[in-house]
Amino acid sequence: MDYPKYETVIGLEVHAQLQTNSKLFSGDANRFGGEPNTHINPITLAHPGTLPKINKKAIEYAIKLGLACHCTIESLNCFARKNYFYPDLPKGYQISQHTTPICVGGYISIFIENIEKKIFLNRIHIEEDAGKSIHDAVEGFTCVDYNRAGTPLLEIVTEPCIQSAEEAFQYLTEIRKLVRWIEICDGNMEEGSLRCDANISIRLKGDKELGTKVEVKNLNSIRNVKKAIDFEIERMINLVEKGEKIVQQTRSFDANSDTTFAIREKEEANDYRYFPDPDLVPFFINQSTIETIKKTMPILPNVLKQKLQHTYGLSRYDAHQLCEDKYTVSFFEATAAQCHYFKAIANWILGPLKQYLNEQGIDFSQLTLQPKTLCGIIQLIEDGKVNFSTAANKLLPALIATNANPAITAENMGIIQVSDNDAIVNWVQQVVNAMPEKVLEYKKGKKGLIGLFVGEVKKISKGKADPKTTTILLEKMLNE
């Protein structure tokens with residue numbers, strides 16, 4: 001198969017459930033879970049005479065995401081009825097935005113092999129979610145849970161400008177981070193809070209016309225999106241190379257086999273017979289509203305990454321890792337305000353502290369260690385009183401809950417390093433006397449053995465010997 005002669009064209013549609021207290025057009029509770037059909041009322045159930053009313057918080061959240069994605073915020077907005085049979089929407093149609101999406105254009109920046117690429121957006125629009133059909137609860141019947149029906153969604157639609165599964169993976173990672181950062185969606189794909197449909201086609205390199213599109217629906221993890229795209233690319237190229245035709249269809253992903261399968265063939269064009277919803281009047285967004293919302297926005301990750309590099313001298317990698325979520329970078333800045341060992345702070349956050357949080361299943365918003373305490377630990381290391389390994393493995397666990405004075409705690413634990421030459425000389429002499437064969441090997445040129453000697457001194461000193469002083473004295477003694 002001649003794979004290199006083809007290029008892939010991908011467009012993604014991401015649905016983000018908004019974290020509003022109530023649904024998009026009713027006062028029902030907007031919460032995940034609960035007993036089936038408990039978050040419903042007459043509006044959700046489309047009882048005769050009921051009228052929808054727009055959730056203002058959903059509009060605010062849409063504007064927030066639009067600003068974060070560099071979109072144009074449309075001033076005139078209206079809702080339309082999308083007439084497509086939804087068995088899990090009692091109305092029989094979905095309310096969405098059609099001709100007037102609230103956000104137009106914009107982009108999300110990703111980095112592929114340290115090179116920035118902008119993934120351009122076509123639109124972001126507001127719509128309501130459908131309920132959930134359950135096929136295995138009662139044999140021979142399909143049950144419907146309307147708890148999710150009417151949940152506010154933002155559909156984020158890219159241009160067909162993604163060229164690989166890896167680019168799709170990075171884009172979705174950034175989208176999830178962004179919606180969490182501005183606190184409009186929890187981004188939990190396993191709960192369906194963030195869902196993705198991938199539109200995939202292939203064409204010969206240099207061709208301008210798009211190939212036949214295949215849509216893979218309802219992918220529920222970023223990793224599965226990548227696997228589904230990789231599988232589809234290979235499947236479609238194999239079909240073309242064999243002289244077979246790619247059929248425009250909707251497919252689903254089987255996570256057990258990492259393959260996709262057809263669920264229905266797709267018509268050339270969708271005719272949803274949109275028309276303006278007569279029960280919902282158009283709404284206008286003025287510039288002062290946009291400016292007011294803009295003032296509530298947190299500093300966005302890309303801006304903070306630049307600050308971390310320019311103000312604190314961190315590498316692009318460290319800056320990117322610290323900006324994975326805003327609680328992590330907030331802890332870094334709070335610590336950096338109290339001591340100026342910026343690289344050491346980053347190393348502690350991305351190393352021992354992150355490992356501890358992962359083990360506990362929590363994040364930096366729940367960390368009990370205070371920035372002042374971390375500064376005290378770092379200062380002990382910088383002063384040569386405790387080495388990094390001892391501080392991470394012994395001192396940190398003792399201080400996480402108590403936030404006691406690091407210097408006093410280290411003294412009480414007996415882990416303060418000895419830098420007195422006489423004491424270390426004695427330990428060094430003991431090690432050299434006990435290992436005459438290794439001393440001879442060292443003198444014959446096996447200089448790497450210095451690490452072995454330092455380790456032995458560390459053992460007999462119970463970690464109290466300063467490694468730098470130990471190394472200097474060992475080299476002096478062994479080279480005599």
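The values are calculated or read from the model by the stated rules, or taken from the named source; none is laboratory data. Please read all numbers here as calculations on a predicted model, not as lab measurements. Cβ sites come from the backbone with ideal geometry, for glycine too, and all protein chains shown count toward neighbours.
Here are a few things to note about the model shown:
Conditions tested, residue by residue: (1) without any contact (Cβ under 8 Å) to a residue 40 or more places away in the chain; (2) farther than 23 Å from GLY463 by Cβ.
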| site | (1), (2) |
| --- | --- |
| ILE345 | yes, yes |
| ILE349 | yes, yes |
| ASN358 | yes, yes |
| PRO371 | no, yes |
| LEU380 | yes, no |
| ALA391 | yes, no |
| LYS394 | yes, no |
| THR402 | yes, no |
| PRO406 | yes, no |
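- Where a residue in the range 175-190 is basic (Lys, Arg) and its partner, wherever it lies, is part of a loop (DSSP other than H, G, I, E, B), with Cβ under 6 Å and at least six apart: ARG176/GLY187; ARG180/GLY187
- Out of LEU154, LEU178, LEU172, sole residue that is touching a His at 6+ places or on another chain (Cβ under 9 Å) and in the same structural domain as TYR86 (by TED's automatic domain parsing): LEU154
- Qualifying position, being out of contact with any Lys or Arg (no Cβ under 8 Å at 6 or more places or on another chain), outside the structural domain of TRP181 (by TED's automatic domain parsing), basic (Lys, Arg) and surrounded by 18 or more Cβ atoms within 10 Å (Cβ to Cβ), among LYS372, LYS385: LYS385
- Some residue of the range 112-131 being surrounded by 15 or more Cβ atoms within 10 Å (Cβ to Cβ), more than 28 Å from the chain's Cα centre (by Cα), in contact (Cβ under 8 Å) with a residue 24 or more places away in the chain and within 26 Å of GLY27 (Cβ to Cβ): no
- Number of residues in the range 132-142 that are among the charged types (D, E, K, R) and either outside the structural domain of PRO87 (by TED's automatic domain parsing) or loosely packed, with under 14 Cβ neighbours inside 10 Å (or both) equals 2.
- Some residue of the range 89-109 being of a type in the set (A, V, I, L, M) and part of a loop (DSSP other than H, G, I, E, B): yes
- Applying a threshold of 7 Å to beta carbon distances and a minimum spacing of six or more residues, or different chains, the list of pairs starting in the range 220-247 at a residue that is over 19 Å from ARG264 (Cα atoms) and assigned by TED's automatic domain parsing to the domain that holds ILE263 and ending at one that is part of a loop (DSSP other than H, G, I, E, B) and of a type in the set (Asp, Glu) reads LYS227/ASP258; GLU241/ASP2.
- The single condition among (1) under 30 Å from LYS57 (Cβ atoms); (2) within 24 Å of the chain's Cα centre (by Cα); (3) part of a loop (DSSP other than H, G, I, E, B) that GLU174 does not meet is (3).
- Residue, surrounded by the most Cβ atoms within 10 Å (Cβ to Cβ), within the range 190-212, restricted to residues that are under 28 Å from the mean Cα position of the chain (by Cα) and part of a loop (DSSP other than H, G, I, E, B): SER193
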